[in-house]
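Peer 1: For reference, the structure I am asking about is given below.
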């Protein structure tokens, strides 16, 4: 006997362990002979991470696809694993060393520090994998991979994959070492990726500086203009005004740029200015980067500390002078008085000195975007000139662009192709080196003259060096490690055993679908495309499903600062994994951010309870599965109808999943289970279960058990725990189950729809619903029993009434149902089928009062709609109001319009 209530906490852990013990998630589990493969690789979460709501959405969607395809009998592999998260992991371990007052990283040395990191990884890292299990993620955990391998040893397969790719790309001329600008983190003293940089708007300043022209040069600068913009008055100047938000960088200026067609400065191109405070003579160059409309039209150029300036410097052969140390202090390339000062201390000193020298023209208050460390939001990131390793991403990008343009890989929703091409069409070389100790160390060694030897091992490098120099030579290994995105770019094939030609690689590559967030289209998706095509000669996946962002119920992005973060683990604790998962799936509309309200999770917890209670009701009424039951042999219209409705629901859910419209699939399942099965079929079946017709009772019991089985199958990808528990419990009576639900066959119900039964039951439901609507809208007392009169009824309607009169009367709370030729006075009316139906309300309610109330409500709703329309038609409101406020107003308008339509219909039912 089923427990009275369903307790997720008591069920979920037990069921998950059972699935693991039985190998239900292993690659190929439940696959039919000759089945096609279906592969998903998990976007590897950081080893430092814990489950957040974005992970919960991402993995719920993956699990829906995996469970669905497993039930189709495909050869399914969901490949799990984690990323070693170079920067984050190193920071955590360094912080722990400091808290424990142990020697720091540099004190203990590289080898011992890396040992500490591995110790942390084995003891504390990877918590998120257990949290994914709590969500119900049915990955093949026996195949879990880590981007650093099991121990980071050179012979580890995952390490060999990374090393092999690096060496091969180097041999092909696609990896090289060069001095270029990177995003530099002065706190961590390493290059970082664009994804780890967040531009934050701050209140700043624009300092306008006078750079004196060299060699006594002067020019006429226009200071007054006529109405047509032509100069009418000039001022003779011996300086150029340039502007900067980072005055400390002027110490590294090596040029001033003006637009080659700017008439103010054309005569100065080729001349020079003297750099204040430094005394360096720097050229004035003509370059289209200088915008005559911005500021003075003259731009100071610091190639070593600005990405745009770097390009200007390359075009004009300007010197590149780095004036920062790796920690953000002023280095020895600057005048001695500034050396050793932190960059922001140096800024204050430089501004004071510029003012003393009369070089500071004026200061402008200005909102500026400043790059910060994305994690801490505290450290300002610097463009920094340094030697790094680079990939020619512009070469690797061409085949990857063609894959999407020619349709071999598609994005869902398609709009994200635009994001993909926006990155790929403007791609720059990819900096793959990091100045860290935790990560894949770059397989490069240097000779005494700087000659580089790229090899899989020190022995191979030494042999190459000996061949080069003609004698054995001492080599120095590169200190840097690889960007974590480099190893994760290989994920679809490295996790399958490459560079070895494994059976898994042959079977499961290319993978089928990638499920990920839009923010890493370039950093991960595009790079997997590049590497897959370069090393496997085919795209790593045919579909990329981009899920949206989960926001709070007001549409705001979740953040700890705002205090609006929703923890999925707390949701699971309070409402269960099934309710949490179903909420996320039901709200996962393509291309639309999810506004997650706790009330929605509560609502779907009630749905879980509804399913459980329906199963208990069937159990109490002896609705057990029947050996040899054939749904197409049903005689009762009720049973033929519910089987057909189940078939339609299965088609809709299947279509929703196949088309990656998870919200539509979930909605179809919900509407059928709650609205059709529980609210109608169960109610219609009650009189049969309590009646004396044994044949009708037996057929309805078998049908109910059959439909419940199909419901459990349809819901399983969304709600795996409660469905598996009910599958096991309902399987204790009747024919033995062939497998657990996780490996059961997806419903195949074609050909079971019955038009005649549908018409009859739909008529019945519409009639009962119409009576209920009138009772609600007219505020008929709950205990009042009404009379129902059918006017203009056909013989078919009369036959149906004869068959279902008692059921209609019970469910609609009616005193009687009669057939007449005229509508009684003071009646509410509605039409179902060919008949007009009347509910005499005289003596039950005051019709005049109700009409007035309803008309008043219509008037109020119309005022509300007009007020909202006025707001939404106001360009100022639309431009200034936050997106969530606009969306809220639109939702209120839609609700009001829907309510107005209902009330207007209710007034119309009262007649003249």
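Peer 1: How far is helix 847-872 tilted, in degrees, relative to the longest principal axis of the Cα atoms in the chain, given as a value from 0 to 90 rounded to the nearest 10?
Peer 2: That works out to roughly 10 degrees.
Peer 1: For the chain, find the longest principal axis of its Cα atoms and tell me its angle to the long axis of helix 883-909, 0 to 90°, nearest 10.
Peer 2: Roughly 20 degrees between the two axes.
Peer 1: Round to a whole angstrom and tell me the spacing of the C-alpha centers of region 835-899 and region 373-427.
Peer 2: Spelled out, the Cα-based centre of one part sits 48 Å from the other.
Peer 1: Based on the alpha-carbon gyration tensor of the chain and its eigenvalue square roots a ≥ b ≥ c, which shape applies: rounded if a/c is under 1.5, prolate if not and a/b is larger than b/c, or oblate?
Peer 2: Oblate, since a/c reaches 1.5 and b/c is not below a/b.
Peer 1: Can you order the peptides 811-823, 480-492 by their average number of other Cβ atoms within 10 Å per residue, highest first?
Peer 2: Sorting 811-823, 480-492 by mean packing, highest first, produces 480-492, 811-823.
Peer 1: May I ask you to order 321-334, 202-215, 795-808 by the average number of other C-beta atoms within 10 Å around their residues, highest value first?
Peer 2: Ranking, from highest mean packing down: 321-334, 202-215, 795-808.
Peer 1: Okay, next question. Rank-order 123-130, 224-231 by packing density, defined as the average count of other C-beta atoms within 10 Å over each peptide's residues, highest first.
Peer 2: 123-130, 224-231
Peer 1: Moving on to the next point. FRET efficiency for residue 694 and residue 773, Cβ-Cβ distance as r, R0 = 41 Å, nearest 0.05?
Peer 2: Computed FRET efficiency for residue 694 and residue 773 comes out at 0.65.
Peer 1: Ok, one more. Dividing the alpha-carbon Rg of region 731-840 by 2.2 N^0.38 Å yields what?
Peer 2: 1.50
Peer 1: Full extension from residue 733 to residue 620: what is 0.36 nm times the residue separation minus their Cα-Cα distance, to one decimal in nm?
Peer 2: Separation in residues times 0.36 nm, less the Cα-Cα distance, equals 39.4 nm.
Peer 1: On to the next question. Report the extension gain between residue 3 and residue 853 in nm, rounded to one decimal, defined as 0.36 nm multiplied by the number of residues separating them, less their alpha carbon distance.
Peer 2: Taking residue 3 through residue 853 to full extension adds about 301.3 nm, to one decimal.
Peer 1: What value, in deg cm²/dmol to 500, does the helix sum -39500 (n - 2.57) over DSSP H runs of n ≥ 4 give at 222 nm once divided by the residues of the chain?
Peer 2: It comes out at -13500 deg cm²/dmol, rounded to the nearest 500.
Peer 1: When only Cα pairs under 8 Å and 6 or more residues apart are kept, what is the percent relative contact order across the chain?
Peer 2: In percent, rounded to a whole number, it is 12.
Peer 1: Treat the count of other C-beta atoms within 10 Å as a stand-in for reagent exposure and order 623, 431, 678 from fewest to most.
Peer 2: 678, 431, 623
Peer 1: Which angle between 0 and 90 degrees, to the nearest 10, do you get for helix 720-730 versus the longest principal axis of the chain when only C-alpha atoms count?
Peer 2: For 720-730 against the chain, the angle is about 30 degrees.
Peer 1: Taking the Cα-to-Cβ direction at residue 542 and at residue 291 and moving 7 Å from each Cα, how far apart do the two end points lie in nm?
Peer 2: 4.6
Peer 1: What is the distance in Å between the Cα centroid of region 115-192 and that of region 491-553?
Peer 2: Comparing the Cα centres of region 115-192 and region 491-553, I get a distance of 16 Å.
Peer 1: Still on this structure, please answer the following. Arranged by the count of other C-beta atoms within 10 angstrom, fewest first, what order do 184, 389 take?
Peer 2: Placing the least packed residue first, the sequence is 184, 389.
Peer 1: Moving on to the next point. Ratio of region 763-909's C-alpha Rg to 2.2 N^0.38 Å, to two decimals?
Peer 2: 1.36
Peer 1: Rounded if a/c is under 1.5, else prolate if a/b beats b/c, else oblate: with a ≥ b ≥ c from the C-alpha gyration tensor eigenvalues square-rooted, which is region 1-99?
Peer 2: The shape class here is oblate.
Peer 1: Only counting other Cβ atoms within 10 Å, I'd like 141, 6 sorted with the fewest neighbours first.
Peer 2: Least crowded to most crowded, the residues run 141, 6.
Peer 1: Just subtract the alpha-carbon distance of residue 880 and residue 553 from 0.36 nm times their residue separation and send over the number in nm, one decimal.
Peer 2: 115.7 nm
Peer 1: Simple spin-label model, 7 Å along Cα-to-Cβ: residue 307 to residue 199 in nm?
Peer 2: The two pseudo-label positions are separated by 0.8 nm.
Peer 1: Using alpha carbons only, how many angstrom separate the centre of region 794-833 from the centre of region 560-612?
Peer 2: Each part's Cα centre sits 42 Å from the other's.
Peer 1: Next question. Along Cα→Cβ, 7 Å out, is where each label goes; now give me the distance between the ones at residue 905 and residue 635 in nm to one decimal.
Peer 2: It is 3.8 nm.
We did not get these values from a lab; they are worked out from the coordinates using the rules stated. Everything numeric here is computed off the predicted structure, so don't read it as measured data. Neighbour counts are summed over all protein chains in view; Cβ atoms, including those assigned to glycine, are modelled from backbone coordinates with ideal geometry.
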